[in-house]
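Quick note: the coordinates plus some simple rules give every number you see, no bench work behind them. Model, not experiment: these values are computed from the prediction. When we count neighbours, we look across all protein chains shown, and the Cβ atoms used for this are built from the backbone with ideal geometry, even at glycine.
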Amino acid sequence: MRTNSFGKCTARFIGATMAIAGVAFLLTLSGGTANAGTSCNVENGHRVQRIVGNSACAATAGKGSRASAEDSSSGGTAISVADNGGNAHARNLQPGSTALAGANTRGNAYSLTTGPSAQSVAQAKRGATAVAIGGWAGQAYASPNGTACVGGFAAAYESSTGKMCVRSGSLYYQN
């Protein structure tokens, strides 16, 4: 595969767009929701887990860290774990879907599922940012080992490697 300056510019633009989406996602976590949901928010050495009906969340934050997990679907799962100054945020919006986020050593992980039968996994280390968004029947993975987008709709980005992918049906991009 040949690369040129246009391709590199496009990849940086898409990566920056995904990082902005991650920040927007973080802002939505800090606000309240009008619908029934299960929410777990902790920081600095605390842990919480909640199960309400078919909805579950769990969050664990080590010393100096922050973790939040929310299932807004009343039928899915959100789990986040952060340690060593990391920030992990997971949010599930659809029944039957799962969002997982893990951050370590000042990393920032954002995991979001927006469609049914979706899965998103974001893992961030060493000050990096990882964003994973799983849509309709999509699976998104972002980690220091790279990214993967499978199924219906998925998008993932990891800042330390600059790796990203986007999938929507038969359309697919990965660097």
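Would you grab the residues whose amide H sits under 5 Å from the one on residue 46? Only those 5+ places off in sequence or on another chain, please, with H modelled 1.01 Å from N. Residues meeting the amide H criterion: 61.
How charged is the neighbourhood of residue 125? Take every other residue with its Cβ under 13 Å from the Cβ of residue 125, and add Lys/Arg as +1 and Asp/Glu as -1. Can you show the working numbers first?
Details: positive: 106, 126; negative: 83, 158.
Within the 13 Å Cβ shell, the charges total 0.
Once backbone amide H atoms are built at 1.01 Å from N, residue 74 has 38 as its partners under 5 Å, excluding neighbours fewer than 5 places away on the same chain.
Relative to one another, the C-alpha centroids of region 143-175 and region 60-116 are positioned 18 Å apart.
Using the Karplus relation 6.51 cos²θ - 1.76 cosθ + 1.60 with θ = phi - 60°, the per-residue 3J(HN,Hα) values for region 163-172 come to 7, 7, 8, 9, 9, 9, x, 8, 7, 8 Hz, with x marking Gly and Pro.
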